[in-house]
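Notes follow once the structure below has been shown.
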Amino acid sequence: MIKKIISLVLLAVIMTCMAASNLSFAQEEKASSKMVPILVDIHGVVSDSLCKLDHGAMIKSGQYGKNEADCVHKCEQQGMKLVLVERKTNEVYGFVNENEAKPFAGRSVVVVGQIDKASKVIRIHSIKAERSKAN
């Protein structure tokens, strides 16, 4: 009798785990289905979620380095997320794959990726430093 109860409990646990796994997969599918299926080029700056484009006050405090790149690195160390601030619109996008953006923190970049406008995130397909324009 006890073996049968244990078997039923184990079966219930396995079924619950399978259901949770399927739910997680379905949620991931739903999130990725919101991504625009075409790749777009976005010109912007890799910054942090606290300062975005205004690092002045943080730098002025003397605790966040001497320039914007230093500030972004310091804010990231303190738990802020990296974001892309689009140059044309000042729209701020989080990254689905943030590690791809880390080497470009504080720099102007061109990102080729997929955007989910509703949740304001971008999945990076490629990223490169933007060339400065000579006058």
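The values are calculated or read from the model by the stated rules, or taken from the named source; none is laboratory data. In this text, all values refer to a predicted model and were calculated from it rather than measured experimentally. Cβ: placed from backbone, ideal geometry, glycine included. Neighbour counts: every protein chain shown.
Of note:
- The stretch 114-135 - residue that is within 19 Å of Ala69 (Cα to Cα) and either under 12 Å from the mean Cα position of the chain (by Cα) or surrounded by 10 or more Cβ atoms within 10 Å (Cβ to Cβ) (or both) and, of those, modelled with the lowest pLDDT: Glu130
- Scan the stretch 93-127 for residues that are part of a strand (DSSP E or B) and either on the phi > 0 side of the Ramachandran plot or of a type outside the set (Asp, Glu) (or both) and the total you get is 18.
- The condition of being at positive phi and at pLDDT below 85 holds for only one of Gly79, Gly56, Gly65, that being Gly65.
- Restricting the stretch 84-104 to residues that are of a type in the set (A, V, I, L, M) and under 11 Å from Gly44 (Cα atoms), the residue that is surrounded by the most Cβ atoms within 10 Å (Cβ to Cβ): Leu84
- Scope the stretch 36-72; condition surrounded by 16 or more Cβ atoms within 10 Å (Cβ to Cβ) and either in a helix (DSSP H, G or I) or among the aromatic types (Phe, Trp, Tyr) (or both); matching residues: Met58, Ile59, Tyr64, Glu68, Ala69, Asp70, Cys71, Val72
- The single condition from (1) part of a loop (DSSP other than H, G, I, E, B); (2) under 22 Å from Val121 (Cβ atoms) that Glu76 fails is (1).
- When residues in the stretch 76-95 are screened for being without any contact (Cβ under 8 Å) to a residue 40 or more places away in the chain and in contact with a strand residue (DSSP E or B) (Cβ under 8 Å, 6 or more places away or on another chain), 7 of them pass.
- Of the residues making up the stretch 96-135, those that are over 14 Å from Ser49 (Cα atoms), of a type in the set (Gly, Ala, Ser) and in contact (Cβ under 8 Å) with a residue 60 or more places away in the chain number 4.
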